[in-house]
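Peer 1: One structure follows; several queries about it will come next.
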Amino acid sequence: MSRVSASESPDKPIALLPAVAREVEEFVSSAGWDQAPQLFALVPTAELLTSQPELAGQLDPASTWTPIAQDELPADDLGEALAGIVWPDVVGGCALAQEIVVLPPEAEDEIPDDEQDDEAARRFAAEHPQRREARLVAAVLRDGTVACVLHLRGDAERPDEIVEHPELAPNLTDALLETFKP
């Protein structure tokens, strides 16, 4: 994984978190597409090096946060899985990488709106001729800072694209922030 540059200050988590989200996306991308959702704990690198000095050769001491991959999440209900997570105090944030389907804005009015049948909406998205596969990384810190990176998969007509904005997935970042509430 790439690391945050030494010139970034640990006092500026807003500037650092997007870099961590990009780092997680690059790490997950290295294994290709068609992956299950992956959760990462964000641990302060300095604390990790203090508690486990044997990691000194593997971690960049200039990085403020070190993403640590967690056990595989259950495939059936991501929301339920997140609701059951409790982080230890040393974890200052978390990031989730998941593959999604993105539709153009004009397709939103056509999505079946049956709250009882999410499967109909998934089928609609999966079969839409203008769909794009993407990987979304949402990252949060305990203090409420959020960052999102969206990697749109390229195809014969379009190259890969990276979009960054903290409000790309407000429901997901809210769910991640809830994992830090007592």
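Bear in mind these aren't lab numbers, they're just calculated from the coordinates by the rules spelled out. These figures come from a predicted structure and were not determined experimentally. Because the Cβ atoms are built from the backbone with ideal geometry, glycine has one as well, and the counts that use them run over all protein chains shown.
Peer 1: Less than 17 Å from a label point 7 Å out along the Cα-to-Cβ axis of residue 100: which backbone N atoms in the range 153-182 qualify, by residue?
Peer 2: Within reach of a label on residue 100, which here means backbone N under 17 Å from a point 7 Å along Cα→Cβ, the range 153-182 contributes 153-154, 161-178.
Peer 1: Where does the charge balance sit around residue 137 when Lys and Arg score +1, Asp and Glu -1, over other residues with C-beta under 11 Å from its C-beta? Don't skip to the answer; put the middle values down first.
Peer 2: Working: positive: 22, 135; negative: 23, 25, 26, 99, 164.
Taking every Cβ under 11 Å from that of residue 137, the sum is -3.
Peer 1: Working from the pairwise distances between different alpha carbons, so that the mean of 1/r is found and then inverted, what is the range 127-182's Kirkwood radius in Å?
Peer 2: Radius from the Kirkwood sum: 12.6 Å.
Peer 1: Between residue 58 and residue 108, how high is the FRET efficiency from 1/(1 + (r/R0)^6) when r is the Cβ-Cβ distance and R₀ = 45 Å? Nearest 0.05.
Peer 2: Working: r = 44 Å, r/R0 = 0.98.
Working from the Cβ atoms, E equals 0.55.
Peer 1: First measure r as the distance between the Cβ atoms of residue 47 and residue 133, then evaluate 1/(1 + (r/R0)^6) with R0 = 45 Å and state the FRET efficiency to the nearest 0.05.
Peer 2: Values: r = 37 Å, r/R0 = 0.81.
After rounding, the FRET efficiency stands at 0.80.
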